[in-house]
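Below is one structure, written out as structure tokens; the observations come after it.
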């Protein structure tokens with residue numbers, strides 16, 4: 001086999017390998033959209049990022065909003081880590097962390113409403129989403145503990 005034929009063959013192998021990885025990732029993303037807590041926590045993270053931008057740009061609030069950004073986006077990140085957990089113990093640990101982050105996020109939202117950085121209507125909407133996520137996470141943690 002000539003060098004050029006060998007390079008073409010190697011390129012095809014690499015391309016097929018990359019295509020397999022891409023297809024696996026695509027299938028995984030479709031599967032995760034069917035997972036309620038994964039999709040809700042991701043949507044919530046988007047809301048938190050948008051709220052952070054609003055608080056910084058319109059309200060010139062940088063301290064509380066940064067805390068909110070960290071805890072609010074951490075929920076979804078920990079849920080994703082839990083889904084990829086190496087064991088049931090790892091899964092439970094990450095879901096517990098997500099639950100704690102949701103509780104902290106709830107606190108920051110309540111504080112932003114109480115200090116009038118968020119009006120009652122908009123604040124209540126995002127707070128309701130946070131509470132819903134907390135309830136789902138609590139249920140997941142409780143069920144996982146009971147099945148251990």
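Just so it is clear, none of the values below were taken in a lab; they were calculated from the coordinates. All values derive from a computational prediction rather than experimental measurement. Glycine gets a Cβ as well: all are built from the backbone with ideal geometry, and neighbour counts include every protein chain shown.
For the pair residue 110 and residue 144, how long in nm is the line joining their label points, each one 7 Å along Cα→Cβ?
Spacing of the two 7 Å Cα→Cβ label points: 2.4 nm.
Apply the a/c threshold of 1.5 to the C-alpha gyration tensor of region 64-148 and tell me whether it is rounded, prolate or oblate.
prolate
Computed over the Cα atoms, what is the radius of gyration of region 60-114 divided by 2.2 N^0.38 Å, N being its residue count?
Rg over 2.2 N^0.38 Å, computed on Cα atoms: 1.29.
Ranking request for peptides 93-100, 111-118, 138-145: highest mean number of other beta-carbon atoms within 10 Å first, then the rest in descending order.
Packing proxy ranking, top to bottom: 93-100, 111-118, 138-145.
Between residue 66 and residue 100, how many nm apart are label points set 7 Å from Cα along the C-beta direction?
2.2 nm
Sort out for me the Cα centre separation of region 112-143 from region 60-76, rounded to whole Å.
Result: 14 Å between the Cα centres.
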